[in-house]
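Take a look at the structure below.
The values are calculated or read from the model by the stated rules, or taken from the named source; none is laboratory data. Please read these numbers as outputs of a predicted model, since none were measured by experiment. Counting neighbours? That spans all protein chains shown, and the Cβs are built from the backbone with ideal geometry, glycine included.
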Amino acid sequence: MGGAGVRACDALAMTVGGGLTRVELRGDTVRRAAGAWTPAVHLLLEHLRSAGFRGAPQVLGMDGGVELLSFVPGSGPSHSDDELMRVGERIREFHCASASLVAPTDAPWQFMVGAPRAGSVICHNDLSPDNTVYRPAGVPRAFIDWDLAAPAPPVWDVAWAVYRFVPLYDAETCELLGYPTGRQAERLRIFCDAYGLSDREAVLPTVCDRIRVLYDTARAWGEEGRPGWREVWTETRGEQWLRGLRHVEAERAVWARSL
């Protein structure tokens, strides 16, 4: 999705991130198939760089229907509380930088089905450990895979980020993936404090809305036959997101008391 890098341990060509876009690494350059939204994403990435935010790949140009982006080397997450805090701070830095972008009103963003279509910032819309490159010691270096970037309220990004980084999964899934278990309420507060989130009543309802939007998008784009989305929808029918939604809805009243 949009500006992408791949980690040093990854293969040279693979599917990465929620955008389901094939990438190829040639030297220090990442090559990805462009879409109708690519000019808007490049406008955002160039603006972020001019605003002093270095947590995203650099646009290197186009080669026909292929976008060229800088490779961002790094490592994977540690899932520590300190790392979670740093991620929240990094996302706030990104939102502050994106807020000053004045994009054309007809900029061709790729909006997800049912997602907001306006807001005070340009959201990444797929912030997750999978789309984050880390320095050693759990320091988030850059966010990658920007194809879904689009205007939205900041809480729209924050909601998906807490779902993926805290994460707000069931205990079995957290244990399987190496995340802390039994500490979601505490880690949710750590993230929101680090980001500086003021309206905390909205975050957990927005998590539920965001999961529903992903499900609706996967279904619509999968049935439409979009590459990557078609395969995911055919194989899963979105059951993994529906299970996640049921878990958040069951627990959110408990978590809300920690905020």
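Quick notes on this structure:
- Trp156 fulfils the conditions (1) surrounded by 23 or more Cβ atoms within 10 Å (Cβ to Cβ); (2) within 30 Å of Arg31 (Cα to Cα); (3) in contact (Cβ under 8 Å) with a residue 60 or more places away in the chain except for a single criterion, (3).
- The condition (being out of contact with any strand residue (DSSP E or B) (no Cβ under 8 Å at 6 or more places or on another chain) and either modelled with pLDDT under 95 or assigned to a helix (DSSP H, G or I) (or both)) is satisfied by just one residue among Ala8, Ala4, Ala97, Ala36: Ala97.
- Verdict on Glu67 being in a strand (DSSP E or B), acidic (Asp, Glu), modelled with pLDDT of 95 or more and over 27 Å from Val162 (Cβ atoms): yes
- Pro167 being surrounded by 16 or more Cβ atoms within 10 Å (Cβ to Cβ) and without any contact (Cβ under 8 Å) to a residue 24 or more places away in the chain: yes
- Selected residue (criterion: nearest to Val23 (Cα to Cα)) from residues of segment 209-237 that are small (Gly, Ala, Ser) and either within 16 Å of the chain's Cα centre (by Cα) or outside any helix (DSSP H, G or I) (or both): Gly228
Matching residues to (1) surrounded by 18 or more Cβ atoms within 10 Å (Cβ to Cβ); (2) acidic (Asp, Glu); (3) under 18 Å from the mean Cα position of the chain (by Cα):
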residue: Leu45; (1), (2), (3): yes, no, yes
residue: Gly64; (1), (2), (3): no, no, no
residue: Val72; (1), (2), (3): yes, no, yes
residue: Gly76; (1), (2), (3): no, no, yes
residue: Ser80; (1), (2), (3): no, no, no
residue: Met85; (1), (2), (3): no, no, yes
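- Matching residues, segment 92-141, being small (Gly, Ala, Ser), in contact with a Leu (Cβ under 8 Å, 6 or more places away or on another chain) and surrounded by fewer than 22 Cβ atoms within 10 Å (Cβ to Cβ): Ala103, Ala107
- Hey, Val41 closer than 16 Å to His124 by Cα, buried (at least 16 other Cβ atoms within 10 Å of the Cβ), at pLDDT below 50 and not small (Gly, Ala, Ser) or not: no
- The listed residue being modelled with pLDDT of 95 or more, among the charged types (D, E, K, R) and over 27 Å from Val139 (Cβ atoms), out of Arg243, Arg200, Arg210: Arg243
- Candidates Pro108, Pro39: the one that is in contact (Cβ under 8 Å) with a residue 60 or more places away in the chain and more than 30 Å from Cys208 (Cα to Cα) is Pro39.
- Among the conditions (1) part of a helix (DSSP H, G or I); (2) in contact (Cβ under 8 Å) with a residue 12 or more places away in the chain, the only one that Asp145 does not satisfy is (1).
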